[in-house]
Every structure is written in structure tokens, then in C-alpha cells.
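The values are calculated or read from the model by the stated rules, or taken from the named source; none is laboratory data. Just so it is clear, the model here is predicted, and its values are computed rather than measured. Quick reminder, even Gly has a Cβ in these numbers, built from the backbone with ideal geometry, and neighbours come from all protein chains shown. With ligands, DNA and RNA removed, areas are computed over all heavy atoms of the protein, side chains included. Shrake-Rupley method; radii C 1.70, N 1.55, O 1.52, S 1.80 Å.
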Amino acid sequence: MTGTLAIVGLGPGDEAMVTPQVRAALDAATDVIGYIPYVARVAPRPGLTLHPSDNRVERERAAHALDLAAQGRQVVVVSSGDPGVFAMAAAVFEVVEEGAPRWADVPVSVLPGITAMLAAAARAGAPLGHDFCAINLSDNLKPWAVIERRLRLAAEADFAMAFYNPRSRARPEGFARALAVLRECCGPARLVLFARAVSTPEEHLRIVTLAQAQPDMADMRTVVIVGSSQTRMIHRATGPVLYTPRSLDGAAA
């Protein structure tokens, strides 16, 4: 039997947001590997072995997946959202690049998923309707100086900005620093979306200005979207809608 390795995204939480392509890969898998809460989203069944592991062992997880696939197993590595957005696809290819001979013939595929950023934007309206960027605010794998420089350059370019991993218990001060930089660069009136646990029963959305934004409005389950200077909010009977026009002057394209 020829082994395979698929790196897949489970979407933001709702099973309805798992793509049919990813569902088919999970149905064919002999082994599912990933961070504990993501593996817990995969239902046990006969013939399937689940391999949950801690979030801080990504390279070891990738090597384990490649070894199993090299042994002829049908392996799926799971991430939340999309596996290529701050997730396991890059970790696997980092390990593949080391070039262990036993992995040379392992077919590796990446199956996309719906990111938390896109799910949050859709819930709010279309805040990413024009040019935007995504920045991981965690300083675990890069220094704060790099994060701050990217924040300033993104603000100078007037991108809408989506932030992943804004605030954890281990580093609660980082998001406060990010908000201070954004207030300096963007001004206090800029619109901000806090979208927590989108598509789950714990979902909560809040739209405020930068002046009103507080660090404790975010945690690791929150995606924060800061609009560009063109982003606006309209009020409808069903609630507020946040969107960024497709053209800079707001006129129809």
C-alpha cells in the first residue's frame, strides 16, 4: 500500500464549514495527527488511529506524520481554519526540506479550509473587501520588533488588517502594545472588529473604534480585524454591517 500525507484545514469550528474535499480525506484516513483540540473534532471509528499532541511540538508532529506515511499509512494532519495560514502546512514542509531519505517518495497534499479571518469577515459583512493583510501577533517565532514594523508599514499602506493570536495568558501585554501602535498610526476613529469563536456556540462579535478597543476584548480564540481608512459601518434592521468599498473612492467599480 502506498502511503500518503494530506494536510487539511477543519475550518473555524462549525462542521458545516468543513469542505467536502477535507471530509473525504478524513473518511479515508488511517491516522489523524494534530493539536489536541483539533484532533478532538474528528470522530473515532474502526480503522482510524488518533494522535493528539501538544501545540509546541509542531516539527515532531510533522516528522511523525511523514514517518507513518512512509510506512504506507493514509495520514491526515489537521489544523483549524486553513492549514497554510499560520498552521501545519508550513511546519510539514520545513521538515520535508531537511530531506530525510525515508520521506523522499511520500506524496504530500494540502487541502484548504475556511480561515477564522474569512469566517469572521463574512459574519460582519465585508471588511476585507479591498486590499488587506494578515499578521500573526504572537512573538513566539518572531521578535516584537518585526511585528511592530509590519504593523506600522501595513497602517502606512492603509490596508485593512486581520490579526491572529492577539492575546494569550502568557503574553497579555503584546496586544496592548499593538493597539498603541495602531492608535498612533491610524487614529482613534478607525473601526475594529473583535470576532471570537466564530461559527461555534460561543461566537461573539463586537465592533468598536480604536479609541474604545481594550486588550481584554481579545484572547487566543479571537480574530481582530482593523479596517482601513475607507472601512465603514452601515446600520440595518438586522444589525450593523462592516465593509470596505472595493474602490478607494467608494464608487461602484
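The residues in the range 146-190 that are among the aromatic types (Phe, Trp, Tyr), closer than 20 Å to Gln230 by Cα and in a strand (DSSP E or B) can be counted, and the count is 1. Mind checking which residues of the range 235-253 are modelled with pLDDT of 95 or more and assigned to a strand (DSSP E or B)? Listed by number, the residues that qualify are Val241, Leu242, Tyr243. Residues of the range 124-135 that are out of contact with any helix residue (DSSP H, G or I) (no Cβ under 8 Å at 6 or more places or on another chain) and either in a loop (DSSP other than H, G, I, E, B) or under 17 Å from Asp82 (Cβ atoms) (or both): Gly129, His130, Asp131, Phe132. For the range 78-99, which residues satisfy the criterion of being more than 22 Å from Ala116 (Cβ to Cβ), open to solvent by 40 Å² or more (accessible area, probe 1.4 Å) and assigned to a helix (DSSP H, G or I)? Correct list: Glu94, Val96, Glu97.
For the range 26-59, taking the residues that are assigned to a helix (DSSP H, G or I) and open to solvent by less than 20 Å² (accessible area, probe 1.4 Å), the one that is nearest to Arg73 (Cα to Cα) is identified as Leu26. Candidates in the range 5-16 are the residues that are among the aliphatic types (A, V, I, L, M) and over 14 Å from the mean Cα position of the chain (by Cα); of these, the one that is most open to solvent (accessible area, probe 1.4 Å) is Ala16.
Remark: Glu202 matches the filter, which requires a residue to be of a type in the set (Asp, Glu), open to solvent by 40 Å² or more (accessible area, probe 1.4 Å) and part of a loop (DSSP other than H, G, I, E, B).
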